[in-house]
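A short worksheet on the structure shown next.
Coordinate-derived values only; no laboratory data. Fair warning: this is a prediction, and the values are worked out from it, not measured in the lab. Counting neighbours? That spans all protein chains shown, and the Cβs are built from the backbone with ideal geometry, glycine included.
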Amino acid sequence: MTDSDPDLLLHATGLTKTFGDFTAVDGIDFAVERGESFGFLGPNGAGKSSTMKMVGCVSPATGGRLRVFGLDPATDGPAIRARLGVVPQKDTLDEELTVEENLWIYGRYFGLSRSEVRSRTRELLSFAQLTDRAATRVEPLSGGMKRRLTIARSLISRPEILLLDEPTTGLDPQARHVLWDRLFRLKRSGVTLVLTTHYMDEAEQLCDRLVVMDHGKIVAQGSPRSLIGEYSTREVLELRFDTDDHAQHASAIVGIGERIEVLPDRLLVYAEDGDAAAAEVHRRGVRPMSSLVRRSTLEDVFLHLTGRTLID
Amino acid sequence: MSTPVSTPSRAPRSTPAPWRPVLGSWLTAYRRTWRGSLFGRFLSPLMFLLSIGLGLGSLVDTSAGGVGGVPYLQYVVPGILAAQAMWVAMGESTYPVMGAIRWNAKYHAMLATPVGINDILIGHLLYVALQITGATAIFLAVAALFGSFSSWWAVLALPITVLTGMAFAVPVFAFSAKQETDSGFNILFRFIMTPLFLFSGVFFPVDQLPALLRPVAWLTPLWHGVEANRSLALGSPDLVGVAGNTAYQLVVIAVGLWLARRAFTKRLVV
């Protein structure tokens with residue numbers, strides 16, 4: 001891969017960001033190709049947002065090398081930003097203005113003509129399911145609507161990469177599904193998505209490939225499926241006991257499955273066949289308050305890699 | 001329905017002057033509030049003219065024969081004109097700047113596009129300059145109806161007053177960008193603006209001040225604005241003096257721009 005490859009949209013080597021003594025991003029490498037949907041998965045404070053801000057050319061890298069569209073953010077910031085769509089973690093909509101005014105103003109920042117901005121606004125409002133709100137002020141809209149408007153706004157310049165920093169954090173489940181559906185449509189239409197999330201289901205739904213970040217470093221990477229295959233088992237048996245300390249029950253089930261994780265509120269038994277593991281638990285005379293077999297998720301991958309859960 | 005971005009346009013768009021949409025964005029927001037704001041712009045000169053100009057003025061004129069022979073209304077109006085520009089500048093460059101950084105993140109939204117720090121500063125400052133121009137023009141018109149000016153030279157007070165306002169707005173942009181909370185603004189209003197308003201020769205000649213305080217007045221852009229306005233409005237202006245006052249304000253604006261650019265960069269590019 002070289003920087004002159006027009007389909008290599010993002011390329012970072014040894015990318016680093018420090019704030020004083022604190023290292024937010026600690027020498028990470030990644031590459032994203034055109035049409036991919038790429039995710040940064042990790043808990044709060046893992047360095048995901050700092051990475052996104054460097055890619056978005058609003059925060060200069062402290063060290064390493066970063067190329068976006070083969071260009072250097074340090075010297076070509078405006079040219080790069082002209083080709084990016086940005087959905088920041090916190091909405092930066094103008095709440096005093098109407099839905100359509102927000103799109104008009106934003107399109108003008110990209111040097112689009114008024115007529116162009118207006119015709120794109122119509123398309124985008126329909127895409128974001130906000131057509132009937134076009135002339136409404138933004139402030140009273142629901143969180144999900146504001147988020148969809150932010151996404152519509154980021155698309156007004158027809159970006160080649162859409163950067164989404166925690167696109168559904170803080171939304172209720174229904175609003176998240178509506179948003180995922182919209183993002184999935186964008187992905188299918190060929191837009192390169194780069195997103196951060198601390199939600200497993202989001203990463204599994206939207207990302208072709210992802211990196212798991214922890215303490216500013218990349219601890220694993222691959223497709224959701226390959227990560228689960230590499231770092232977890234096919235199924236997980238969750239056992240809950242009526243106790244304050246689940247560790248004391250761990251000894252009774254030692255040897256069942258491939259691996260056991262002790263969490264404050266449950267025991268996790270990693271096994272290829274969850275039902276068989278549950279039967280063995282029962283055969284040993286262990287009586288949990290509840291037991292549940294489920295498929296492995298990225299949460300299990302993260303737990304295995306870092307010993308911690310993603311959302312504390 | 002189809003997705004609206006199926007054909008990404010590859011060529012980087014050229015944005016010759018990205019400060020223009022920044023100005024446009026502030027003007028769009030102003031369209032929501034212009035009625036109330038315009039009302040205030042008329043009300044403020046009216047109140048000053050009636051109370052200070054005519055009310056206090058008749059007292060000064062009967063007891064002292066005006067200020068140095070000039071009727072008090074004609075003496076005080078050019079000063080209040082300059083002071084009003086300072087107040088408008090303060091209003092536009094304190095809370096709106098802090099809000100665009102900390103509350104609604106308007107600047108951050110702009111920075112995610114090809115717009116840069118310089119464009120944000122230029123566009124927003126031009127908007128402030130337009131506000132000061134509007135307020136000053138209205139003040140001049142209302143004051144002229146009351147017979148506050150004895151010469152057409154007073155028209156030149158318009159650009160001078162806009163400069164006076166900008167000599168406050170630009171450095172205050174830098175100040176506002178540095179604030180963590182709005183409590184700094186109270187200090188600015190109470191301990192800097194109010195004393196300036198009272199002691200910069202708006203209401204009485206600075207010669208009346210204790211000798212120690214006079215140089216302080218000379219350092220403020222307001223005093224220079226008041227002097228230049230008064231010199232013009234009274235008919236036979238000392239053009240060299242006016243040029244000197246203007247030059248001083250231009251220097252303050254230039255230094256302010258440098259400080260504001262630094263403060264904005266430090267705040268917004270991290």
note = GNM on chain A, Cα springs under 10 Å; top mean-square fluctuation among A:D26, A:D172, A:D208 goes to A:D172
query = Averaged over peptide B:100-113, how many Cβ atoms belonging to another chain are found within 10 Å of each residue's Cβ?
reply = 6
key: Distant-in-sequence amide H partners of A:T192 (H built 1.01 Å from N, under 5 Å)   = A:G35, A:L162
query = Expressed as a rounded percentage, what relative contact order does chain B have, with Cα pairs under 8 Å and six or more residues apart?
reply = 26
ask   = Hey, rough spin-label estimate for A:A31 and B:F204, points 7 angstrom out along Cα→Cβ, what's it come to in nanometres?
value = 7.9
For chain B, fraction of C-alpha pairs farther apart than 23 Å, in % = 56
task = Provide a whole-number value for the mean count of partner chain Cβ atoms within 10 Å of the Cβ atoms in peptide A:76-88.
result = 5
note = region B:111-228: spread of alpha-carbon positions along the three principal axes, whole Å, largest first, is 51, 36, 20
key: Relative contact order [Cα under 8 Å, 6+ residues apart], region A:8-221, whole percent   = 32
FRET efficiency for A:D172 and A:R294, using Cβ-Cβ distance with R0 set to 25 Å, rounded to 0.05 = 0.65
Cβ-derived FRET efficiency at R0 51 Å, A:D208 paired with B:A247, nearest 0.05 = 0.25
query = What's the FRET efficiency of A:T62 with B:R262 using the Cβ-Cβ distance as r and R₀ = 22 Å, to the nearest 0.05?
reply = 0.65
key: Neighbourhood net charge (13 Å Cβ-Cβ; Lys/Arg +1, Asp/Glu -1) for A:H246   = -4
ask   = So which trypsin sites (Lys or Arg not before Pro) in region A:1-90 are both in a DSSP loop and have at most 13 other Cβ atoms within 10 Å of their Cβ?
value = A:K90
task = Place +1 on the Cβ of every Lys and Arg and -1 on the Cβ of every Asp and Glu in region A:155-212, take the dipole about the Cα centre, and give the residue among A:P173, A:Y199, A:L155 whose Cα lies farthest towards its positive end.
result = A:L155
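Classify region A:1-150 as rounded, prolate or oblate from the Cα gyration tensor: take a ≥ b ≥ c as the square roots of its eigenvalues, call it rounded if a/c is under 1.5, otherwise prolate when a/b beats b/c and oblate if not. Provide the component values of the computation, followed by the final result.
Details: a/c = 2.33, a/b = 1.69, b/c = 1.38.
Prolate is the answer for region A:1-150, as a/c is 1.5 or above and a/b outweighs b/c.
With only Lys, Arg, Asp and Glu charged, each at its Cβ (+1 for the first two, -1 for the last two), find how big the charge dipole of region A:8-221 is about the Cα centre; round to the nearest 20 debye.
Numbers: 28 positive and 27 negative charges, 122 e Å.
For region A:8-221, the charge dipole is close to 580 debye.
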request  = Choose one of B:S183, B:P159, B:F149: the residue whose Cα lies farthest towards the positive end of the charge dipole of region B:84-207 (beta-carbon charges +1 Lys, Arg; -1 Asp, Glu; about the Cα centre).
outcome  = B:S183
query = Which links in A:K90/B:K106; A:K48/B:K266; A:K53/A:K90; A:K187/A:K217 stretch past 18 Å when you go from one Cα to the other?
reply = A:K48/B:K266; A:K187/A:K217
key: Inter-site label distance for A:R287 and A:F22 at 7 Å from Cα along Cβ, in nm   = 5.0
message = Would you work out the Kirkwood radius for chain A? I mean one over the mean of 1/r across all pairs of different Cα atoms, in Å.
response = 21.3
ask   = Per the helix-only calculation at 222 nm, which mean residue ellipticity applies to the protein assembly as shown, given -39500 (n - 2.57) for every DSSP H run of n ≥ 4 and division by its residues, nearest 500 deg cm²/dmol?
value = -15000 deg cm²/dmol
message = Of all beta bridges DSSP finds with both residues in region A:8-221, what is the antiparallel percent, to the nearest 5?
response = 55
note = Computed about the Cα centre, the charge dipole of the protein assembly as shown from +1 Lys/Arg and -1 Asp/Glu charges at the Cβ has a magnitude in debye, to the nearest 20, of 1600
inquiry  = Suppose the chain between B:Y95 and B:W152 were pulled fully straight at 0.36 nm per residue; how much longer would it get relative to their current alpha carbon spacing?
reply    = 16.9 nm
ask   = How many percent of DSSP beta bridges within the protein assembly as shown run antiparallel, rounded to 5?
value = 65
inquiry  = Please check: in the Gaussian network model of chain A (C-alpha springs, under 10 Å), which one of A:P224, A:P167, A:P264 has the largest mean-square fluctuation.
reply    = A:P264
remark   = The computed P(r) of region A:233-295 puts the percent of Cα pairs beyond 14 Å at 46
message = Using a 10 Å cut-off around each Cβ of peptide A:91-104, what is the average number of partner chain Cβ atoms that fall inside?
response = 4
task = Starting at the first residue of region B:214-221, write each ³J(HN,Hα) from the Karplus equation 6.51 cos²θ - 1.76 cosθ + 1.60 with θ = phi - 60°, in whole Hz, x for Gly and Pro.
result = 4, x, 4, 4, 5, 6, 7, x
ask   = How large is the charge dipole for region A:138-275, taken about the Cα centre, if only the Cβ atoms of Lys, Arg (+1) and Asp, Glu (-1) carry charge, to the nearest 20 debye?
value = 1140
ask   = For region B:20-126, which trypsin sites (Lys or Arg not before Pro) are both in a DSSP coil and crowded by at most 12 other Cβ atoms within 10 Å?
value = B:R31
request  = Give, as ranges by residue number, the residues of region B:110-138 whose backbone N falls under 17 Å from the point 7 Å along Cα→Cβ of B:L46.
outcome  = B:135-138
Residue of A:G39, A:G216, A:G229 that the Gaussian network model of chain A assigns the largest fluctuation, springs spanning Cα pairs under 10 Å = A:G229
inquiry  = Given contacts defined as C-alpha pairs under 8 Å and at least six residues apart, what's the relative contact order of region B:133-270, whole-number percent?
reply    = 40
key: Inter-label distance for B:A144 and A:S223, nm, one decimal - labels placed 7 Å from Cα along Cα-to-Cβ   = 7.6
Calculated on alpha-carbon atoms, Rg and Dmax of the protein assembly as shown in Å = 31.4, 111
